């Protein structure tokens, strides 16, 4: 069977739960909309509409950095067929670069910029030093996975070694709050969320309307096809890493500033939710990653209305597993075929 | 002059009996754990990143039954094997149909869900503070072993009985799994790793076999969990961190994919390295030393994968032939 | 329809998205015959093959093996019932020995069950018998000397032979060969054809094969089914099909590549 972006080993079959619910297969967005509406209705009636609205806002704030992290991860998968288990460490790195720049007494915006650029640079360096040579060697799938896993540990603990394992202040004002439409949001939170949304919009537009974006999407569809049509795959790969790293660094910074503190485990605590976002949206699909990020963020925040808030990350995993059961290709993934 | 003295001080631990006993106890524990990972990735070709979760399920089942329900230790041990295997089936049923990296993500997610649940369900698991009080049966057994050793002229030493028991369990299990893998059942697993469609075309229900492989690995993880639980006398969620699964993978890659002798050698090698870094007197804070240890694990994994993917006992020709 | 049809394909359809790869295909394969499935590239032959053998889930229709439904059954069930397939890109298990490849295919080995696997005495006998059968088959196919070599060291042609020999370990009633002669030189091709015809003669194995070499097909098959654009365009004996205008236009309508 030829390879595809499709997560199943064989021909797309309905997941066990969906076997009787073929509607979900054919109209995933509609089905999702219905489910979300029903859940929202239930929560609103049970806990109060104001609480629902507040937690939805919180969910969008969280979904923001999930989405930025997820886009980078999914783009790299699309272009390289690599599930980058070390992606979470880019978020950590970005946050720590922010702190390092803060130590130089630079204005926060400049520090943030430095963090983003530094992370993009790191991603680029890793491609040149590690991923490209290893690809030339044609290592197997397992090897790549383990390489990424090992890299994650090296990155995470190098940061811990250099910067120390304890919490550090991210340098933003975390106490000032603003009320928007009767809902509370931190001032810093509001600013970074707006920045994040702007970044997301830019990415979405870039993918759709620039030639680079089109080439990235073409490459994501089929690397063999792209090579025959003369797209410079090496250059695209480099740019994809830049974007992946930059967005991840931004995500880390957007998480860290309102949170107030960072520690070396930052990336790891977020990465599984980011994976969930990627899978939910459909791996390889950038728009899916954005939608998946918001979805996971909102799902996690909504869950805090009814269960212990410390379990909310587990809720993200539960959504991941549910999606794998019902529609493994995610919201926007396509069922691929072998046709002779 | 001071240099030599410094050297004497920093490597003194190598002559310390307790150091070696500790290495032995941990190596056998992680070795049993890694047997399951080898069965999954080296023999069957499934990427089980949730082994730490199965370990937790088995261990906590045992601990909870003994401490909260007053069950007999041996019954609880059996029950833990059952729940671990059941968890494997529960996780495997939906996710084994998926592609390798998706399966990896699912099992990792499962492992973390277990850890989160253990952390938050205080009433059942003792949460963050831990679960303890299940070691009575072991303490009796340990005292008796001390007695036997005494008859042989060996002075009692802390953890020595555990080393003896662990070593026996590890070697027996390693031999048992190696035997299974050489059987027709194992042949099917090897075929699944090589080319699952070929195996299906030859009449094998590959899904069932993969599920069996996962369940057996989960049971092995549970046994390793018991060994660990008895060693540290307390069960807490942070013990079952995914880094354990990473250790397991390092051991398997180090020893060579598919080699069970390799698991034995690899586990001793890795644990020796990890424990040695703990005992060496470095002018660094404790946390930084811990960070270095993890960095080493990650770096070793990366280097192995790139420069010696067949590990110590893997065959290079086999590696070249894979996927041909 | 035909009384002696061992394998019946009835109104089988499969679409991928909007594209109907297989569109309402119906034909019979008579027992003990060699039936060839031909058609230009993209005709849907391999998809149909995959649907019949359970590797792709058909949308609708029915497939009957000796009267029993085998539609949408998993491939391993079909193999056990005697519906065995080979692959165009041979699936020799490279890291296993040739002999192990054959032993893997032995249909009834208790040692394959987890509960019994650790107890060697329980399956030693069956294993020995399987080994003997395997060696016999390897002898027939000229691979006996390679029994203990890694299958990955075999040449392409030897792998085709192994694929066929391995399929025979399953004692198939219907053998579905996916382009058995693809990429194979003339001598080997002749040898393979001899083996295939031998199967029909000696064991009354029913054979359905997908093949591009029209010359071979015309000379060696008892019946031919022609597909184009997902549909059956014609079927019958080689003589009938050769003269059929629809077949000619189906082929002329596309560029055929010759090996």
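Key figures for this structure:
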read-out	value
Global size of segment A:17-326 as Cα Rg and Dmax, reported in angstrom	19.5, 61
Spatial separation of Cα centroids for segment B:211-285 and segment A:180-204, in angstrom	44
Relative contact order, percent, chain C [alpha-carbon distance under 8 Å, six or more residues apart]	28
Exercise: per-residue mean of other protein chain Cβ atoms within 10 Å, C:77-88	3
Average partner coverage of A:318-331, which counts Cβ from other chains inside 10 Å	3
Cα coordinate range in chain B, projected on the principal axes (Å, largest first)	66, 54, 41
Burial order of peptide ranges A:269-279, B:266-276 (average beta-carbon count within 10 Å, highest first)	A:269-279, B:266-276
222 nm mean residue ellipticity, helices alone, for chain B (DSSP H n ≥ 4; -39,500 (n - 2.57); rounded to 500)	-24500 deg cm²/dmol
Chain B - percent relative contact order, Cα under 8 Å, separation 6 or more	33
Ordering of B:249-258, A:257-266, A:142-151 by burial proxy (mean other Cβ atoms within 10 Å per residue, highest first)	B:249-258, A:142-151, A:257-266
Considering only the protein assembly as shown, percent of DSSP beta bridges that pair antiparallel, nearest 5	65
Structure-based [θ]222 nm, chain A - -39500 (n - 2.57) summed over DSSP H runs of at least 4, per residue, nearest 500	-23000 deg cm²/dmol
Cα-based helix-to-principal-axis angle, C:156-169 vs chain C, degrees rounded to 10	80
Mean separation of Cα contacts under 8 Å (6+ apart) over length of segment C:93-153, as relative contact order %	55
Shielding of A:154-166 by partner chains, average beta-carbon count, 10 Å	5
Segment C:68-89-segment B:70-97 distance, computed between alpha-carbon centres (Å)	34
Residue with peak Gaussian network fluctuation, chain A [Cα springs, cutoff 10 Å], from A:185, A:60, A:296	A:185
Nearest 10 degrees, 0 to 90: helix C:120-140 Cα axis against chain C principal axis	50
Highest-MSF residue in chain C out of C:212, C:76, C:220 [GNM, Cα springs under 10 Å]	C:76
Most fluctuating residue given options B:134, B:116, B:226, as computed from a GNM of chain B linking Cα atoms under 10 Å	B:116
Two-decimal log10 I(q)/I(0) for segment C:93-153, as the Debye equation yields it once each C-alpha is a single scatterer, q = 0.23 Å⁻¹	-0.92
Span per principal axis, largest first, for the Cα atoms of the protein assembly as shown (Å)	91, 80, 59
Nearest-ten-degree value, helix C:186-203 long axis tilted from longest Cα axis of chain C	80
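Just so you know, all these numbers are worked out from the coordinates, no wet-lab data involved. Here the structure is a predicted model, which means the values were calculated and not measured. Note: ideal-geometry Cβ built from the backbone for every residue, glycine included; neighbour counts use all protein chains shown.
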